[in-house]
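To start, the structure itself, in C-alpha cells.
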Amino acid sequence: MNRDEKIILEARTLYKDYGIKDNIEHVIKGISLKIHEGDFISILGPSGSGKSTLLYLLSTLEKVTKGEIYYKGNSYSSINESNKSSIRNEEFGFVFQNFNLINDLTVEDNILLPITLGTRKQKIDREKLNDILKFVDIYDKREKNPTELSGGQKQRVAIARALITEPKVLFADEPIGSLDSKNGEMVMEIFRNINKKNGTTIIQVTHDEDTVKYGNRVITVKDGAIYDKETKIDERID
Ligand SMILES: Nc1ncnc2c1ncn2[C@@H]1O[C@H](COP(=O)(O)OP(=O)(O)OP(=O)(O)O)[C@@H](O)[C@H]1O
Ligand SMILES: [Mg+2]
C-alpha cells in the first residue's frame with residue numbers, strides 16, 4: 001500500500017506568530033510533519049516551546065501565520081469555516097487539562113453535548129453512552145454534576161464526551177497534567193485502548209516522559225521547531 005494513502009494529517013512548514021508590530025513573537029518556526037492513521041503521538045518539550053500552539057494549529061483551533069495543514073489530503077485554507085466546524089464536531093475529539101465541563105449539566109448530559117449541539121441530527125444511542133460510561137469508569141456518577149466529581153473523574157467525563165462521536169483524531173493537551181499518577185495512568189490506559197481498539201489517531205501534548213510509552217511516536221518541540229529526529233517507539237506503521 002502507498003504509505004501516503006494512510007496520512008491523515010500533514011503539516012508543511014508551519015509558522016505561527018503572536019502579537020503585533022514591534023511586539024511579535026515567533027512561536028512556531030517552520031514545523032513539518034506527517035501523521036498516519038492510527039498513530040499515537042506524544043509531543044514533548046519545554047514550557048513555552050510551542051506544543052499547545054502546534055496542537056491548536058493541527059486541530060483548527062488556531063490559524064497558521066504561514067504554511068499549510070492537510071486533513072485527509074485537503075488543505076485547511078481550502079475548507080470553509082462551516083465545513084471546518086463540521087470536521088471539528090464530527091471527526092475530532094478534544095481533551096484539555098482543565099476539562100471544560102458544564103457544571104449545570106449532569107455527567108451524562110455533558111457527555112452527550114457534542115450530539116445535542118451537533119449539526120448532524122443523531123439519535124442518542126443509550127447503549128453506546130452506557131458502554132462509554134463504563135469504559136471510562138464513571139457509570140455510577142452519571143447523574144451527578146461535575147462539581148461533585150474529583151479531578152480524575154472530571155477528566156474521564158471529558159474523555160467520554162470526546163469519544164461519544166467516535167472521532168477519527170483525538171487531540172489532548174496535557175490530559176493528565178492536573179492528575180495524580182494513579183489517575184494519570186488510568187487515563188493513559190484509556191487512551192491506549194481507544195487507539196488499539198478503535199484505531200483512533202491520538203495526538204497528545206505531555207510533560208510526562210513516562211507517558212510516551214503508551215504511544216508509538218514522540219515529537220520533541222524546542223523553541224518552536226521539531227528537535228532533532230523524532231523518536232519512534234515501534235514500527236507499527238510501515
Ligand atoms: N494566544 C496567545 N497570544 C499570545 N501569545 C501566545 C498565545 N498563546 C501562546 N502564546 C505564546 O506562545 C509561546 C508558546 O506557547 P505554548 O502555549 O504553545 O507553549 P507550550 O509549549 O504549550 O508551554 P506549556 O508547556 O507551558 O504549556 C509562549 O511564549 C506563549 O506566551
Ligand atoms: Mg501548553
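The values are calculated or read from the model by the stated rules, or taken from the named source; none is laboratory data. If you're wondering where the values come from, they're calculated on a predicted model, not measured in any experiment. Cβ sites come from the backbone with ideal geometry, for glycine too, and all protein chains shown count toward neighbours.
Could we say that Glu91 is under 29 Å from His207 (Cα atoms) and free of Cβ contacts under 8 Å to residues at least 12 places away in the same chain here? If you could, list the steps in order and put the result at the bottom.
Values: under 29 Å from His207 (Cα atoms): yes; free of Cβ contacts under 8 Å to residues at least 12 places away in the same chain: no.
So Glu91 does not fit the description; no.
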The stretch 49-64 residues that are closer than 13 Å to Lys84 by Cα, paired with ones that are in a loop (DSSP other than H, G, I, E, B) and more than 9 Å from ligand 2 (Cβ to nearest atom) (beta carbon under 8 Å, 6 or more apart): Leu57/Lys63; Leu57/Val64
Qualifying positions in the stretch 16-54 - near ligand 1 (Cβ under 8 Å from one of its atoms) and outside any strand (DSSP E or B): Gly19, Gly45, Pro46, Ser47, Gly48, Ser49, Gly50, Lys51, Ser52, Thr53, Leu54
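Any idea which of Leu101, Leu133, Leu129, Leu61 is closer than 21 Å to Met188 by Cα and part of a loop (DSSP other than H, G, I, E, B)? Steps first, please.
Details: Leu133 fails: part of a loop (DSSP other than H, G, I, E, B); Leu129 fails: part of a loop (DSSP other than H, G, I, E, B); Leu61 fails: closer than 21 Å to Met188 by Cα.
Unique residue meeting the criteria: Leu101.
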Failed item in (1) buried (at least 18 other Cβ atoms within 10 Å of the Cβ); (2) within 16 Å of ligand 2 (Cβ to nearest atom); (3) not in a strand (DSSP E or B), with Phe94 passing the rest: (3)
Selection from the stretch 54-63 of residues that are surrounded by 15 or more Cβ atoms within 10 Å (Cβ to Cβ) and more than 15 Å from ligand 2 (Cβ to nearest atom): Thr60
Candidate set: the stretch 21-53, residues that are loosely packed, with under 15 Cβ neighbours inside 10 Å and of a type in the set (Asp, Glu); chosen: the one nearest to Ile219 (Cα to Cα): Glu25
Filter pass, Phe171 being away from ligand 2 (no atom under 16 Å from the Cβ), crowded, with 20+ Cβ neighbours inside 10 Å, at pLDDT 95 or above and aromatic (Phe, Trp, Tyr): no
